[in-house]
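Everything below concerns the one structure shown next.
Any read-out appearing in this document is the output of simple, stated calculations on the displayed coordinates, not a laboratory observation. All values reported here derive from a predicted model rather than from experimental measurement. Cβ coordinates were reconstructed from backbone atoms using ideal geometry, including for glycine residues, and neighbour counts include every protein chain displayed.
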Amino acid sequence: MTSRTFTLAALGALGTWGVLQVAPASAQIRTDTSLGRPAQTLNGPNYLIPQTLGVVAGNNLFHSFQTFNIQTGESAVFTTASASLANVIARVTGGSASTIAGQLRLQAAGGTPNFFFINPAGVTFGAGASVDVPGAFYVSTANYVKFPDGNFYADTATPSTFSSASPEAFGFLAGGRATVQAINTNPQGTPGQPARPVSRRSRPSRRPTPSRSPPRWPRCAPSSPRCPPRR
């Protein structure tokens with residue numbers, strides 16, 4: 001199976017450049033109790049997140065974390081055992097922002113599943129961050145992922161639907177809005193298509209889609225009527 005590596009070349013315009021604030025070394029990745037299991041602090045620096053830590057509904061795999069951070073030199077690898085999975089959806093529920101400064105990877109047993117990651121408190125990509133997934137990668141500070149038959153909320157006090165349908169959109173509630181940021185991201189080259197995270201400032205009803213390269217205008221004289229306007 002061939003995976004696609006996403007670098008963060010497209011992130012610079014989304015955030016403020018500065019010094020990356022490193023989170024405490026303890027509890028970098030910790031699950032919560034919302035999936036019916038005791039909370040578990042995973043062992044780093046190479047975190048392994050198997051399918052058994054989540055909940056499967058149809059072709060969807062759901063994960064829920066109290067905290068989720070990957071520091072420089074660390075990695076977090078999600079693995080699946082079911083070849084039919086189409087989507088892996090992860091949420092962070094603890095109220096603290098996530099820092100991703102290492103490798104975030106999805107190792108699938110088969111197919112090309114998409115990866116969704118939401119944290120309403122914010123997501124910061126730092127130097128050395130990379131994303132390696134078989135399908136599309138979506139990251140947002142949305143309050144929930146919308147499905148045809150319900151929503152998967154980041155707030156565990158609100159009942160969530162573990163849907164077997166495909167995700168339709170990100171959803172946002174009223175209140176202060178965090179953002180997806182890139183700080184000191186300067187990757188060497190772009191081996192794959194850059195991933196452009198979806199910020200919480202995006203329209204709530206808009207279906208998340210992978211980024212596209214800007215159009216290349218044909219060369220022509222500015223006075224020509226066939227020359228398209230430039231913005």
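Annotations for the structure displayed:
- Cβ-based exposure ranking for 163, 34, in which fewest neighbours within 10 Å come first: 34, 163
- Exposure proxy order (Cβ contacts within 10 Å, fewest to most) of 161, 141: 161, 141
- Spatially, the range 47-66 and the range 128-189 are offset by 15 Å when compared through their Cα centroids.
- Sorted peptide list for 35-44, 90-99, criterion being average Cβ within 10 angstrom, highest first: 90-99, 35-44
- Interchain or long-range residues, amide H under 5 Å from residue 93's placed H: 65, 66
- Counting neighbouring Cβ atoms within 10 Å and putting the fewest first, the residues 55, 131 line up as 55, 131.
- Panel note: the C-alpha atoms of the range 65-110, placed on their principal axes, show extents of 32, 25, 11 Å (largest first).
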